[in-house]
1. By per-residue mean of other Cβ atoms within 10 Å, what is the highest-first order of 87-100, 68-81?
2. What is the gain in length, in nm to one decimal, between Glu51 and Lys80 on full extension, counting 0.36 nm per residue of separation less the C-alpha to C-alpha distance?
3. Could you derive backbone 3J(HN,Hα) for the range 85-90 from the dihedral phi with the Karplus parameters 6.51, -1.76 and 1.60 (θ = phi - 60°), listing whole Hz in sequence and x where the residue is Gly or Pro?
Amino acid sequence: MTTPPPRPLPLVLAAVITASPGVAAAEPAADAQEGGGAKEQGSAPDGMNPEARAHLDRALELYGEERYAEAIREFQRGYKIDPRTEFLFAWAQAERLNGDCLTAAELYKRFLDEDPSEVQAAAAQKSLEMCEERIEEELEQDVAPEPEPEPEPEPEPEPEPTPFYLDPLGDALVATGVVAAIAGGGLLTVAEVRQRRLAGADTYDAFATDYDSVTASSRNLRIAGAVGLSVGAALVAGAVVRWMVVRRRPAAERTAWLVPTGTGVALGGRF
């Protein structure tokens, strides 16, 4: 498999790197070496530390391949060994293209402080302005007001309780209880009237003749009357309790209906 050749450096970056003082001095140093001049052992032709030069060359290669994060690490390593101007502009470009304009702007300013040539200064100044614009945009986005939270929906009003006297079941209990109580009271009254008539008999024969039947019927009437009164009182009490419960429930939870039967109607529902 053949490896594709690395992409050439952008013209601006190549021009700045080539125009750097150290790189420009490389050709005279090389000419001096060819003419018999001695080169200091352990240094590159432009006077840069060989290890730093290797990092710079590798960084520029990675930059040309758009592997900016890796190129940045190589620039940092080379600059730490030999902090020369040649590193700053290319390093700043890699930081900008990698999305870190704050670091890039600082590197551009350091490069401009080195008093580069007009071509270098113009390229660095233009890139610095691009970074400053992006930084301002990011700051504006950071300070943008947060959208106001949507108002919470108002809670639905609780349904008003239905008046107790509109409850079908409670009304039926009261009506039945009252009827039972009236019937029971009536039976007790009849029993009492019969006993008084028996006690007011004109003759002993009339008293003796009616005593057994009147006494037995009166006793039965009293029992039936007492049961009627008890049932009526219980039904009325149940209706009162029912009304108290119904007052706390919404009307939608209660339904009632009448069911016809063979002898009348029956009350049913869900309460």
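Bear in mind that the values in this text are calculations on the coordinates, not laboratory data. Everything numeric here is computed off the predicted structure, so don't read it as measured data. Counting neighbours? That spans all protein chains shown, and the Cβs are built from the backbone with ideal geometry, glycine included.
1. 87-100, 68-81
2. So the extension gain works out to 9.4 nm.
3. Computed from phi, the couplings for the range 85-90 are 4, 4, 6, 5, 5, 5 Hz.
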